[in-house]
Amino acid sequence: MVDQDIFEAVRVTPAQARSAYSLVAMSHPQVGFDDWKRFLREAIRAGRRGDGIVGLRDRRGCIHALFAFRVVQALGRDATLQVTELALLRLPGTVLVKSLVSFARDLATELGLPSISIDMQPSDIWSQDQHALEQRGFALDRVQMRGPVRASKVMRGKP
């Protein structure tokens, strides 16, 4: 058995919202079930093959990871499959990351896309995930910083 065979990548549909919600609730306790269902419907509304939510599910049907994916076109770059972590049950080892990369490569190939961007949340074992991604040809490309929206004193006309 190959490590990646432990998990199966499945597109999450509204019918599976309840089974995926326990992982969402653990990662984002402030998100209620109705909010999750609404988010899921919006993520798959277009019905495009390149947009949606993927779950990494074990043989028992338990979802261990959820990622949003979509095709993006950045200025001056080729179209890219962008994969963003939504919720992840951190396990020892890199089996989940390997399964994610396998899914992303298969989908990017199917869609004829030349590149993949993977956005993961930092964690205590993120360096292990980073190493696993680097072994598969991924490299740090951009840095994203996030902050609250509020006008600074200078912007409000005050020195």
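The values are calculated or read from the model by the stated rules, or taken from the named source; none is laboratory data. Computed from a prediction, not measured in an experiment: that's the story for all the values here. All Cβ positions, even for glycine, are placed from backbone atoms using ideal geometry, and neighbour counts span all protein chains on display. Areas reflect the complete protein model, heavy atoms only, side chains present, ligands, DNA and RNA absent. Shrake-Rupley method; radii C 1.70, N 1.55, O 1.52, S 1.80 Å.
Annotations for the structure displayed:
- Extension gain, ASP78 to VAL10: 0.36 nm times the residue separation minus the Cα-Cα distance gives 21.9 nm.
- Selection from ILE6, ALA43, VAL101, by position along the positive dipole direction of the chain (Cβ): ALA43
- The chain: angle of helix 17-27 to the longest principal axis, Cα-based, in degrees nearest 10: 60
- Coupling constants for the range 73-80 follow from the phi torsions by the Karplus curve (6.51 cos²θ - 1.76 cosθ + 1.60, θ = phi - 60°), and in residue order they are 10, 8, 4, x, 10, 5, 4, 9 Hz; glycine and proline get x.
- Value of [θ]222 nm, deg cm²/dmol, for the chain, DSSP H segments ≥ 4, -39500 (n - 2.57) each, nearest 500: -10000 deg cm²/dmol
- Size of charge dipole - the chain - debye, nearest 20, with Cβ of Lys, Arg +1 and Asp, Glu -1, no other charges: 820
- In degrees, nearest ten, helix 126-135 long axis to first principal axis of the chain (Cα): 70
- Diffusion coefficient, µm² s⁻¹, Stokes-Einstein with Kirkwood Rh over alpha-carbon pairs of the range 7-135 at 37 °C and 0.692 mPa s: 217
- For the range 7-135, carbon and sulfur atoms together expose 51% of the accessible surface, with a 1.4 angstrom probe and every protein chain in place.
- Of the listed residues THR109, THR13, the order by accessible area with a 1.4 Å probe, largest first, is THR109, THR13.
- Formal net charge of residues neighbouring ARG77 (Cβ-Cβ distance under 15 Å; K, R +1; D, E -1): 0
- Per residue, in Å², the accessible surface of the chain once ligands and nucleic acids are set aside, probe 1.4 Å: 65
- Measuring with a 1.4 angstrom probe and ignoring ligands and nucleic acids, VAL71 comes out at about 50 Å² accessible.
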